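**Q** I'd like to ask some things about the structure below.
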Amino acid sequence: MISSIVSKVKQKRIAQLVAKGKRLDGRALMEYREIKIEPSIIERAEGSAQVHIGKTQVLVGVKIETGEPFPDIPDQGVLTVNAELVPLASPTFEPGPPNEDAIELARIVDRGIRESKAIALEELCIQPGKKVFIVFVDVYVLNHDGNLIDASALAALTALVNTKMFNYEMKNDEIVKKPGYKPLPVRNYPVAVTFAKINDKLVVDPWLEEEHVMDARLTITTDKDGKICSIQKGGSGYFTTQQILEAAKIAKEKAAELRKLVVKT
Amino acid sequence: MSKPEKLLDKKGLRLDGRKLDELRPIKMEVGILANADGSAYLEQGRNKVLAAVYGPKEVHPKHLALPDRAILRCRYHMAPFSVEERKSPAPSRREIELSKVIRDALEPAVFLEYYPRTSIDIFIEILQADGGTRCAGITTAALALADAGIPMRDLVVACAAGKADGKLILDLMDLEDKYGEADVPLAMMPGINAVTLLQMDGSLTLEEFEKAIEMAMEGCRKIYEVQKEALKAKYVTVKEETEE
């Protein structure tokens with residue numbers, strides 16, 4: 001099975017099963033696939049993590065550099081999230097600059113981290129208006145088997161939690177690295193939970209074949225206090241109000257479970 | 001613009017004097033561009049938005065065509081002069097994402113299966129922006145689609161709710177979006193209670209979120225009435241002309 005095209009017969013089967021509260025891979029509607037998290041696997045990066053959700057595999061690397069702050073927030077560090085749908089991850093991924101799917105993925109991960117104030121950016125200022133730390137979060141999709149959003153958000157969070165910043169001192173306006181490291185100031189733990197609507201029912205953590213069948217997708221990111229910090233609806237279908245509120249409640253519970261898997265080395 | 005000290009005054013009124021659940025003044029007009037198959041113009045507060053629809057027409061490039069339905073394409077774009085500091089006319093990552101979510105918001109309404117092998121192209125230009133432009137863009141684009149005579153399940157209408165100074169508010173303007181605590185843009189087909197766009201950023205409890213979407217939907221229903229009037233108005237003028 002290399003092709004990502006799902007036969008009509010299989011699509012119908014997936015939809016019929018969901019209507020009966022079952023899934024083709026044997027999971028319950030609100031059950032995640034097996035999740036495996038490996039922190040700090042790229043030594044060159046200041047922080048990194050690999051997350052497997054079923055066969056979906058995402059690697060996130062964090063690099064920290066110095067640069068200029070945004071003119072409107074001169075006393076804060078900068079967060080940049082980028083996502084690459086690397087061609088080795090799926091026969092449907094093409095080389096080239098990020099397409100709208102990659103940009104949407106990066107922006108959902110970005111909003112979760114930013115809106116929950118997960119990184120204390122105010123502590124990343126070196127010289128107000130002149131020099132700050134820039135945190136580059138690069139999401140690298142290595143195998144696409146559905147639900148890239150949750151895998152990417154979880155990998156990004158784990159990578160940030162395990163990010164080490166170099167010590168430094170200022171000499172004549174120049175940064176001089178000193179031996180030793182300190183952790184990146186991470187204050188919150190945003191976790192994304194994605195639902196697919198299939199046959200008018202919600203399922204959590206859709207795998208690739210379910211994504212082909214789904215009418216619409218809803219991602220809800222909650223923070224460590226159970227507050228919602230980011231939402232994104234995608235796909236060409238719609239949700240009812242009841243479905244949205246149901247999803248929000250479940251997202252909070254599921255996020256709490258996923259958050260426990262985030263390990264700090 | 002710098003950060004205002006407060007977003008709500010002592011009486012609980014907003015910077016532009018609105019109540020918490022009050023919409024900005026809104027004005028719409030349909031069929032205003034001669035070349036487009038459908039077009040619409042909208043003003044919502046200081047937002048000025050133009051939308052045009054071309055199609056159903058032959059797809060270019062051809063390989064994108066689908067054998068069983070039309071493809072819907074959407075471009076959301078901000079004019080360089082629409083914001084305080086000139087915006088580069090090249091599409092930003094934000095605009096690419098918004099183009100996608102707006103397409104996802106409009107697609108459930110359109111009977112694409114009526115026009116196989118064609119494309120329907122939607123162009124949204126933000127001429128002046130003051131917060132809530134994705135919502136204004138959706139409301140305008142839905143009118144342009146209807147003006148183009150494309151069969152739809154319902155009009156799509158969008159409105160945002162959010163939170164500022166601890167209170168839930170409706171139809172956020174730029175300063176409230178930037179300095180408020182949360183922003184929840186929502187699009188729906190009011191006729192069939194279907195939410196077709198939902199985003200959020202900021203921080204809300206479950207209870208606040210539930211209230212916010214109720215508030216946004218209430219705003220949508222009000223704008224929906226204006227939308228329908230704008231569509232009717234076009235044909236009333238045509239009728240008057242033929243009677244003369």
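**Q** With both bridge residues required to lie in region B:26-236, what share of the DSSP beta bridges run antiparallel, to the nearest 5%?
**A** Among the beta bridges of region B:26-236, antiparallel pairing accounts for roughly 85 percent.
**Q** Turning to a different aspect of this structure: When the Karplus curve 6.51 cos²θ - 1.76 cosθ + 1.60 is applied with θ = phi - 60°, which whole-Hz ³J(HN,Hα) does each residue of region B:10-17 get, with x for Gly and Pro?
**A** 4, 7, x, 8, 8, 3, 9, x
**Q** Here is a further query. Using θ = phi - 60° and the Karplus curve 6.51 cos²θ - 1.76 cosθ + 1.60, what whole-Hz ³J(HN,Hα) does each residue of region B:158-167 get, with Gly and Pro shown as x?
**A** 9, 7, 10, 10, x, 9, 9, 6, x, 10
**Q** Only bridges whose two residues both fall in region A:45-156 count here: according to DSSP, what percent of them are antiparallel, nearest 5?
**A** Rounded to the nearest five, the antiparallel share is 70 percent.
**Q** Which value, in debye to the nearest 20, describes the size of the charge dipole of region A:29-259 about its Cα centre when Lys and Arg Cβ atoms bear +1, Asp and Glu Cβ atoms bear -1, and nothing else is charged? Write down the numbers at each step before the final one.
**A** Values: 27 positive and 35 negative charges, 137 e Å.
The dipole magnitude comes to about 660 debye.
**Q** Would you calculate, for chain B, the mean residue ellipticity at 222 nm contributed by helices, counting each DSSP H stretch of 4 or more residues as -39,500 (n - 2.57) and dividing by all residues, to the nearest 500? Don't skip to the end; give the middle numbers.
**A** Numbers: 4 runs with 73 residues, N = 244.
Mean residue ellipticity at 222 nm (helix-derived): -10000 deg cm²/dmol.
**Q** To continue, here is another question. Rounded, prolate or oblate: which one fits region B:111-171, using the alpha carbon gyration tensor with axes a ≥ b ≥ c (rounded when a/c is under 1.5, else prolate when a/b beats b/c, else oblate)?
**A** Numbers: a/c = 3.55, a/b = 2.25, b/c = 1.58.
It is prolate, given that a/c is not under 1.5 and a/b is the larger ratio.
**Q** To continue, here is another question. On alpha-carbon atoms, Rg over Rh for region B:26-236 using Kirkwood Rh? Intermediate results must be reported in sequence, preceding the final value.
**A** Values: Rg = 16.8 Å, Rh = 17.3 Å.
Over the Cα atoms of region B:26-236, Rg/Rh equals 0.97.
**Q** For chain A, just say rounded, prolate or oblate: build the C-alpha gyration tensor, square-root its eigenvalues into a ≥ b ≥ c, call rounded for a/c under 1.5, and beyond that prolate if a/b exceeds b/c, oblate if not. Walk me through the numbers before you get to the answer.
**A** Details: a/c = 2.28, a/b = 1.95, b/c = 1.17.
Prolate, since a/c reaches 1.5 and a/b exceeds b/c.
**Q** FRET efficiency for B:A90 and A:Q242, Cβ-Cβ distance as r, R0 = 56 Å, nearest 0.05? Numbers along the way, then the final one.
**A** Values: r = 41 Å, r/R0 = 0.74.
Taking R0 as 56 Å, the efficiency between B:A90 and A:Q242 is 0.85.
**Q** Is there a quick way to get the dipole size of the protein assembly as shown? I mean about its Cα centre, with the Cβ of Lys and Arg at +1 and of Asp and Glu at -1; what is the value in debye to the nearest 20? Don't skip to the end; give the middle numbers.
**A** On the way: 72 positive and 77 negative charges, 234 e Å.
Charge dipole of the protein assembly as shown: 1120 debye, to the nearest 20.
**Q** Of the residues A:R217, A:R111, A:R44, which exhibits the maximal mean-square fluctuation in a Gaussian network model of chain A defined by a 10 Å Cα contact cut-off?
**A** A:R44
**Q** Using Cα positions and a limit of under 30 Å, work out the lysines in reach of A:K182, with same-chain residues fewer than 8 apart set aside.
**A** Of all the lysines, those that pass the test against A:K182 - Cα under 30 Å, at least 8 places apart if same chain - are A:K36, A:K63, A:K117, A:K130, A:K131, A:K164, A:K171, A:K224, A:K227, A:K260, A:K264.
**Q** Now for a different question. What nm value, rounded to one decimal, do you get for the distance between A:E38 and A:T80 when each label is placed 7 Å out toward the C-beta?
**A** 2.8
**Q** On the full set of protein chains, 1.4 Å probe, figure out the accessible area of A:K182 and give it in Å² to the nearest 10.
**A** Accessible surface of A:K182 is approximately 100 Å².
**Q** On to the next question. Amide H of B:L186: which non-local residues (sequence gap of 5 or more, or other chain) have their own amide H closer than 5 Å, using H built in the peptide plane?
**A** It is B:C159, B:A160, B:A161, by chain and number.
**Q** Please compute, for peptide B:94-101, the average count of beta-carbon atoms on other protein chains lying within 10 Å of each residue's beta-carbon.
**A** The mean count of partner-chain Cβ atoms within 10 Å per residue comes to 5.
**Q** Now, a different point. In the structure displayed, which of B:K178/B:K228; A:K252/B:K211; B:K19/B:K222; A:K197/A:K252 lie more than 24 Å apart, Cα to Cα? Please report the intermediate quantities before stating the final value.
**A** Values: B:K178/B:K228 31 Å; A:K252/B:K211 17 Å; B:K19/B:K222 15 Å; A:K197/A:K252 18 Å.
Distance filter (> 24 Å) returns B:K178/B:K228.
**Q** When the helix-only estimate is applied to chain A (DSSP H runs of n ≥ 4, each -39,500 (n - 2.57), divided by the residue count), what is the mean residue ellipticity at 222 nm, nearest 500 deg cm²/dmol? Don't jump to the answer; show the numbers that get you there.
**A** Working: 5 runs with 67 residues, N = 265.
Computed mean residue ellipticity for chain A: -8000 deg cm²/dmol.
**Q** Continuing with the same structure: Just the number please: accessible area per residue for region B:26-236, 1.4 Å probe, all protein chains included, in Å².
**A** On the way: 8190 Å² over 211 residues.
Heavy-atom SASA per residue in region B:26-236 reads 39 Å².
**Q** With just the Cα atoms of region B:5-125, tell me how far they stretch along each of the three principal axes, in Å, largest first.
**A** Reported extents, whole Å, longest axis first: 60, 30, 27.
**Q** Using amide H atoms built in the peptide plane, which far-off residues or other-chain residues are under 5 Å from A:V86 H to H?
**A** Residues meeting the amide H criterion: A:V141.
**Q** If you don't mind, another one. What distance in nm lies between label points placed 7 Å from Cα along the C-beta direction at A:N172 and A:K117?
**A** About 4.0 nm separates the two model spin labels.
**Q** Can you pull the Kirkwood radius for region A:1-114, inverse mean 1/r over Cα pairs, to one decimal in Å?
**A** Working: mean 1/r = 0.0564 Å⁻¹.
Computed over region A:1-114, the radius equals 17.7 Å.
**Q** Follow-up. Would the protein assembly as shown count as rounded, prolate or oblate if I go by the C-alpha gyration tensor, calling it rounded below 1.5 in a/c and otherwise prolate when a/b exceeds b/c, oblate otherwise?
**A** Values: a/c = 1.74, a/b = 1.27, b/c = 1.37.
Oblate shape, in that a/c is at least 1.5 and b/c is the bigger or equal ratio.
**Q** Kindly express, to the nearest 10 degrees and within the range 0 to 90, the angle between helix A:100-115's C-alpha long axis and the longest C-alpha principal axis of chain A.
**A** The angle comes out near 60 degrees.
**Q** What does the highest-first list of B:175-185, B:140-150, B:57-67 look like by mean Cβ count within 10 Å? Could the numbers behind the result be given before it?
**A** Values: B:175-185: 21.5, B:140-150: 25.2, B:57-67: 10.8.
Highest mean packing first, the order is B:140-150, B:175-185, B:57-67.
**Q** Taking the 0 to 90 degree range and rounding to the nearest ten, how far is the long axis of helix A:241-259 tilted relative to the main principal axis of chain A, both from C-alpha atoms?
**A** Rounded to the nearest ten degrees, it is 50.
**Q** With a 10 Å cut-off between alpha carbons and a GNM built on chain A, which of A:D145, A:D205, A:D75 moves the most?
**A** Of A:D145, A:D205, A:D75, the Gaussian network model singles out A:D75 as fluctuating most.
**Q** Ordered by packing density, taken as the mean number of other Cβ atoms within 10 Å over each peptide's residues, highest first, how do B:235-241, B:158-164 rank?
**A** Details: B:235-241: 9.9, B:158-164: 27.0.
Top to bottom by mean Cβ count within 10 Å: B:158-164, B:235-241.
**Q** Output wanted: per-residue J couplings in Hz (rounded whole) for region A:147-164, from phi through Karplus 6.51 cos²θ - 1.76 cosθ + 1.60, θ = phi - 60°, x for Gly and Pro.
**A** 3J(HN,Hα) across region A:147-164, in whole Hz: 6, 5, 5, 5, 5, 5, 5, 5, 5, 4, 4, 4, 4, 5, 4, 9, 7, 10.
**Q** Hey, if you drop one equal point scatterer on each alpha-carbon of region B:154-241 and run the Debye formula without solvent, what base-10 log of I(q)/I(0) do you get at q = 0.12, 0.16, 0.22 Å⁻¹?
**A** Normalising to I(0) and taking log10 leaves -0.41, -0.63, -0.97.
**Q** Work out the mean other chain Cβ neighbour count within 10 Å for the residues of A:99-106 and drop it here as an integer.
**A** On the way: counts 2, 8, 2, 2, 9, 7, 1, 2.
Average neighbour count from other chains, rounded to a whole number: 4.
**Q** Then there is this: Assuming R0 = 25 Å, can you tell me the calculated FRET efficiency for the pair B:K239 and B:A34, based on Cβ-Cβ distance, to the nearest 0.05?
**A** Numbers: r = 20 Å, r/R0 = 0.82.
Here the calculated transfer efficiency is 0.75.
**Q** So how much slack lies between A:K12 and A:K264, counting 0.36 nm per residue of separation and subtracting their Cα-Cα distance, in nm?
**A** Details: separation 252, 0.36 × 252 = 90.72 nm, distance 4.25 nm.
Full-extension gain reported as 86.5 nm.
**Q** Aspartates and glutamates within cross-link reach of A:K177: Cα-Cα under 13 Å, excluding same-chain residues under 8 positions apart?
**A** A:E65, A:E169
**Q** Less than 19 Å from a label point 7 Å out along the Cα-to-Cβ axis of A:Y181: which backbone N atoms in region A:25-59 qualify, by residue?
**A** A:37-51, A:59
**Q** Long-range amide H contacts for A:V193: which residues qualify at under 5 Å (H placed 1.01 Å from N, peptide plane, sequence gap of 5 or more or a different chain)?
**A** Long-range HN contacts for A:V193: A:I220, A:T221, A:T222.
The values are calculated or read from the model by the stated rules, or taken from the named source; none is laboratory data. Every value quoted in this text rests on a predicted model; they were computed, and no experiment measured them. Using ideal geometry, Cβ is built from the backbone for each residue, glycine included, and neighbour counts are taken over all protein chains shown. Remember, those area values only see protein heavy atoms, side chains included, never the ligands or the DNA or RNA. Shrake-Rupley method; radii C 1.70, N 1.55, O 1.52, S 1.80 Å.
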